[in-house]
Amino acid sequence: MNNMIEFSPAEKADFSKLYSTLKEKVGTSLLNNDGLRIRRHLMQAVEQGQVSRDFFGLNPIITSLQTAILAVDEIGLRRDAVLAIMLNPCVEGGLLSVDGVSHDYGSSVGRILHGLQRIKELYKKNPVVESENFRNLLLSFAEDMRVILIMIADRVNLMRQIRDTENMSAKQEVSQEAAYLYAPLAHKLGLYKLKSELEDLSLKYLEHDAYYHIKEKLNATKAARDAYIENFIAPIEEKLTNAGLKFHMKGRTKSIHSIWQKMKKQKCPFEGVYDLFAIRIIIDCPPEEEKQQCWKTFAIITDMYTSNPKRMRDWLSVPKSNGYESLHITVKGPEGKWVEVQIRTERMDEVAERGVAAHWRYKGVKADGNMDEWLNGIRQMLENTSGMEAMNEFKMDLYDDEIYVFTPKGDLLKFPKGATVLDMAYHIHSKVGNQCTGARINNKVVTFRQELHSGDQVEILTSTTQFPKQEWLAIVKTSRAKSKIRLAIKETQQKEAILVKEMLERKFHNKKIVMEESIMMRAMKKLGYKEASEFYRDLASETLDVASVIDKYIELQQGDKTPTGDNQARSAEEFVLEDHLPATLTSNDDVLVIGKDLKGVDYKLAHCCNPIYGDDVFGFVTVSGGIKIHRTDCPNANELRRRFGYRIVKAKWSGKGASQYQITIRIIGNDDLGIVNNLTSIISKDEKLVLRSINIDSHDGLFRGNLVIMMSDTNRLEALIKKLRTVKGVKQVERL
């Protein structure tokens, strides 16, 4: 399908306006011919049809201008990054090469574009972006930190532009990436405004009802909230002014996403979240008076309002490990409402706002060792005049001891540096490792000794004739692979021992000798063996001669008495096989398609939501590797997607069989005489329904009952629920 760009009149107007705005913002940092050359490249790309719209139908030249303006305003990027953003559509369309850009605009612009292209190649491998490993690999591939900053800006702009798109599947995928990957990165870099926007827009697109519920509540209470803040701070301003302090105050409302997280964590409605906003008092004073004036402000406020000592945080006396300094107190203001007050100086506020405070340390985003120090310095470098030069020399050395490789399905696996194909094979499964003959790395066949490198896409090759050997222990790097190889060798030796033992028994039988275990054990010891495994191993390798074993056995046997006892063989008729097989159940012959049109995959139906034929469902890959099928409206669905999005697979029903499913229906109604009989009568009249159990509890004139019923699909379920609701006295019927 031809999706090449043809500018609409509105897009032409947008282009001119955006280009002028951007030129005005970064004009002082541009070189003489930058503006003319880049405009010529963009127009040439359009005229030659080398730039096409993305899968949302957006014009990439327009979106690159929007992203560049956002990167300038919100992050502080300048010439090199802006040129890289604007030229990226030309490079992706094949009009320009990275080397050509480096020659025309400088090596720094070329390096940023090279990083963007490398990350584009990573995405082509269909990675599971929700994994922590992908974020680490992304950072190591970026080469220049401005690449990550550009990607964050690009994702924020994309989230703004896809508000009205009809491509809901792509919209959800982009939103999930924003929540799992880009928002935490923005948070770590101190880009709190962009982080909050990414989280809010993700919530808006993924949980529409929750987002608008909170937004409407905030809008409805805004006037009252503003009036309350004004009423709260007025007396504080007066007291602080009278005390001779120089300061300014500001209030901020929590983001919609933050409020939603509190509602879920505290399991309360919107009205139950009492700290919807915080007041910040920022004091202007000399460095030597900072602590004195902060504590003076603290004393004035706690004299005016009752404080909650349990929610007092003193990062003034002992700053946080990342340098964050502030006093946080929660006081009971007018109308008995709790209000959070933060007290800090201009210097402390500047440090916090630049990102060095890195609030993620106490808000649940995990740190990654020395990555902390690496990320914390970025924004400060960007603000310095020599920031770009320093960035050129800023090398990422975080993952010298780790590598990340892709599976064919896009999963990312982490290994120590020096790990081989054989390590990866044993990481996947013991059987895969035992039968590994090599791999296909980036479509090139290699041996299992091949060392892995970050970004490799690896497909393990196996053969049923392959088996582990002792020398494999020197090839692998991980302790996991070593232990599995040792176990496999031990199991192989045990199997060989069984075969050798059977061979030995046949030799004895051919010589008309009855082999007894006790005499054989004595023979082993006489031959110098302490372990039976060593004895059979030497027999298998022919290091030990079978004839010498037989001779030693006969020698020992002749010195023993013939065993006596009841050795008479018993008839097979005396044995009875007891049938303990369970009663036959209706087989699950409905057809469920999992993933990309895969049928016949083993799965189990989740007990938390009990899906049946006709339900909208999805698959979840469990720790053991099996697939559990959940309803899309399962109580656990949102949490599974949030925490384990990379283990979600698509699923849908595609063929009806004769399967029966167990479902539970809850009924609440008046405890009238005969109502239970009326309910069970409806079920008994339908021959395709089977009532498995009924549990009724009556209290204060109301009954609550759970009916467990076997049925075939959702159509029959909906029909049954509709009939049950017609029974007089029934107030509520719902499926559990």
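Just a few scattered comments:
- One residue alone among Glu177, Glu132, Glu143, Glu166 is at pLDDT 75 or above and open to solvent by 70 Å² or more (accessible area, probe 1.4 Å), and that residue is Glu166.
- First in segment 484-502 and in contact (Cβ under 8 Å) with a residue 24 or more places away in the chain, second anywhere and not in a helix (DSSP H, G or I), Cβ under 8 Å, 6 or more apart: Ile485/Pro468; Ile485/Val476; Ala488/Phe467; Ala488/Pro468; Thr492/Phe467; Thr492/Pro468
- Options Leu702, Leu736, Leu673; residue that is at pLDDT below 85, among the hydrophobic types (A, V, I, L, M, F, W, C), open to solvent by 20 Å² or more (accessible area, probe 1.4 Å) and more than 46 Å from the chain's Cα centre (by Cα): Leu673
- Residues located in segment 238-248, provided they are surrounded by 13 or more Cβ atoms within 10 Å (Cβ to Cβ) and more than 46 Å from the chain's Cα centre (by Cα): Lys239, Leu240, Ala243, Leu245
- Test: residue in segment 599-620 that is polar (S, T, N, Q), open to solvent by less than 90 Å² (accessible area, probe 1.4 Å), more than 23 Å from the chain's Cα centre (by Cα) and modelled with pLDDT of 80 or more: yes
- Meets criteria (of a type in the set (A, V, I, L, M), more than 30 Å from Asn133 (Cα to Cα) and surrounded by 12 or more Cβ atoms within 10 Å (Cβ to Cβ)) for Ile648: no
Conditions (1) part of a loop (DSSP other than H, G, I, E, B); (2) open to solvent by less than 60 Å² (accessible area, probe 1.4 Å); (3) more than 30 Å from Phe406 (Cβ to Cβ), marked per residue:
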{"residue": "Glu6", "(1), (2), (3)": "yes, no, yes"}
{"residue": "Thr21", "(1), (2), (3)": "no, yes, yes"}
{"residue": "Ala84", "(1), (2), (3)": "no, yes, no"}
{"residue": "Val101", "(1), (2), (3)": "no, yes, no"}
{"residue": "Lys120", "(1), (2), (3)": "no, no, no"}
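- Listed by position, the strands (runs of 3 or more DSSP E) inside segment 620-736 whose residues that are of a type in the set (Ser, Thr, Tyr) number at least 2 are 661-670, 690-699.
- Restricted to segment 204-235, and to residues there that are among the hydroxyl-bearing types (Ser, Thr, Tyr) and out of contact with any Phe, Trp or Tyr (no Cβ under 8 Å at 6 or more places or on another chain), the residue that is farthest from Arg163 (Cα to Cα) is Tyr228.
- Of Lys204, Lys195, all but one fail to be open to solvent by less than 70 Å² (accessible area, probe 1.4 Å), within 20 Å of Lys262 (Cβ to Cβ), without any contact (Cβ under 8 Å) to a residue 60 or more places away in the chain and within 18 Å of the chain's Cα centre (by Cα); the exception is Lys195.
- Within segment 399-419, the set of residues being of a type outside the set (S, T, N, Q), out of contact with any Asp or Glu (no Cβ under 7 Å at 6 or more places or on another chain) and surrounded by fewer than 22 Cβ atoms within 10 Å (Cβ to Cβ) comprises Tyr399, Asp400, Asp401, Glu402, Ile403, Lys409, Gly410, Asp411, Leu413.
- Single condition Thr586 does not satisfy, out of (1) open to solvent by 90 Å² or more (accessible area, probe 1.4 Å); (2) modelled with pLDDT under 60; (3) more than 23 Å from Ile513 (Cβ to Cβ): (1)
- Residue ID - surrounded by the fewest Cβ atoms within 10 Å (Cβ to Cβ), chosen from residues in segment 209-237 that are modelled with pLDDT of 90 or more and either under 40 Å from the mean Cα position of the chain (by Cα) or not in a helix (DSSP H, G or I) (or both): Asp209
- Complete set of residues in segment 705-719 that are aliphatic (A, V, I, L, M), within 22 Å of Asp671 (Cα to Cα) and touching a helix residue (DSSP H, G or I) at 6+ places or on another chain (Cβ under 9 Å): Leu707, Ile709
- Strands (runs of 3 or more DSSP E) lying entirely in segment 420-538 (those with 1 or more residues that are open to solvent by 30 Å² or more (accessible area, probe 1.4 Å) and touching an Asp or Glu at 6+ places or on another chain (Cβ under 7 Å)): 436-441
The values are calculated or read from the model by the stated rules, or taken from the named source; none is laboratory data. As the structure is a prediction and not an experimental result, all values here were calculated from the model. Ideal geometry is used to build each Cβ from the backbone, glycine not excepted, and the neighbour counts take in all protein chains shown. Each accessible area value is taken on the protein alone, full model and side chains, heavy atoms only, with ligands, DNA and RNA left out. Shrake-Rupley method; radii C 1.70, N 1.55, O 1.52, S 1.80 Å.
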